[in-house]
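Chemist: Handing you this structure, nothing more for now.
The values are calculated or read from the model by the stated rules, or taken from the named source; none is laboratory data. Remember, predicted model here, so these are calculated numbers, not experimental data. Glycine also receives a Cβ, built like all others from the backbone with ideal geometry; neighbour counts cover every protein chain displayed. Protein only, heavy atoms only, side chains kept; ligands, DNA and RNA dropped before computing areas. Shrake-Rupley method; radii C 1.70, N 1.55, O 1.52, S 1.80 Å.
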Amino acid sequence: QVQLVESGGGGLVQPGGSLKLSCVASGIIFTVYSMQWYRQPTGKLRELVASIHPNLATEYADSVKGRFTISRDNDQNAVYLQMDNLRPEDAAVYYCNANFLQSNFWGQGTQVTVAS
């Protein structure tokens with residue numbers, strides 16, 4: 001059974017603050033999967049935030065470039081999203097995603113709230 005379990009959200013962060021999200025995967029061969037973080041603000045569509053591929057290449061949405069950093073630890077089957085200089089518009093439910101060929105798995109999501 002595949003599981004992606006996110007953590008690190010759930011609290012209130014002030015604008016300009018930082019937060020680190022974690023996602024631990026089980027039930028997959030983690031090293032072959034591209035790992036993504038998506039987010040879905042209330043009332044809006046889900047959007048891709050950042051990707052990290054098996055070769056450690058990374059990609060970011062323009063809105064988070066220079067503020068967010070995605071990383072992975074293959075020994076821990078984990079992917080992380082370090083979010084710095086948070087803005088109110090970063091508030092959303094953040095989802096971890098694992099993708100390899102036709103296999104695509106999602107976590108349950110973790111809430112990030114940014115407000116003063």
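Chemist: For the range 1-55, what relative contact order do you get, as a whole percent, if you take Cα pairs closer than 8 Å and at least 6 residues apart? Spell out each step's value before the answer.
Modeler: Working: 63 pairs, mean separation 16.0, N = 55.
After rounding, I find 29 percent.
Chemist: Give, in nm to one decimal, the length gained when the segment between Phe105 and Val32 is fully stretched (0.36 nm per residue of separation minus the Cα-Cα distance).
Modeler: The Phe105-Val32 span can extend by a further 24.9 nm.
Chemist: Also, quick follow-up: Per residue, how much accessible surface does the range 36-116 expose to a 1.4 Å probe? Answer in Å², no decimals. Before the final figure, lay out the partial values.
Modeler: Details: 4330 Å² over 81 residues.
On a per-residue basis, 53 Å².
Chemist: Place +1 on the Cβ of every Lys and Arg and -1 on the Cβ of every Asp and Glu in the range 5-116, take the dipole about the Cα centre, and give the residue among Ser22, Val49, Asn74 whose Cα lies farthest towards its positive end.
Modeler: Farthest along the dipole direction, towards plus: Val49.
Chemist: For the chain, with a Gaussian network of springs between Cα atoms less than 10 Å apart, report the residue from Gln76, Gln102, Gln40 with the top mean-square fluctuation.
Modeler: Of Gln76, Gln102, Gln40, the most mobile in the Gaussian network model is Gln102.
Chemist: Follow-up question, since we're still on this one. What is the distance, in nm, between label points placed 7 Å from the Cα along the Cα-to-Cβ direction at Lys65 and at His53?
Modeler: Those two pseudo-labels are separated by 1.7 nm.
Chemist: In whole angstrom, how long is each semi-axis of the equivalent ellipsoid of the chain, when you take the square root of 5 times every eigenvalue of its Cα gyration tensor and sort them from largest down? Write out the running numbers ahead of the final one.
Modeler: Values: eigenvalues 107, 39, 32 Å².
They are 23, 14, 13 Å, listed largest first.
Chemist: Given contacts defined as C-alpha pairs under 8 Å and at least six residues apart, what's the relative contact order of the chain, whole-number percent? Walk me through the numbers on the way to the answer.
Modeler: Values: 280 pairs, mean separation 43.1, N = 116.
In percent, rounded to a whole number, it is 37.
Chemist: To continue, here is another question. Over the chain, what percent of the accessible surface lies on carbon and sulfur atoms, probe 1.4 Å?
Modeler: Here carbon and sulfur together make up 49 percent of the probe-accessible area.
Chemist: Let me ask something additional. Got a sec to turn the phi values of the range 37-42 into Karplus ³J(HN,Hα) couplings, 6.51 cos²θ - 1.76 cosθ + 1.60 with θ = phi - 60°, whole Hz, x for Gly and Pro?
Modeler: Per residue, the Karplus-derived 3J(HN,Hα) values read 10, 10, 9, 9, x, 4 Hz.
Chemist: Suppose we take every Cα in the range 7-69 and form the convex hull; what volume per residue is that in Å³?
Modeler: Values: hull volume 7.5 nm³, N = 63.
Normalising the Cα hull of the range 7-69 by residue number yields 119 Å³.
Chemist: Moving on. Show me, for the range 50-62, the HN-Hα J-couplings you get by feeding each phi into the Karplus relation (A = 6.51, B = -1.76, C = 1.60, θ = phi - 60°), rounded to Hz, glycine and proline as x.
Modeler: 7, 10, 9, 9, x, 8, 6, 5, 10, 9, 9, 5, 4
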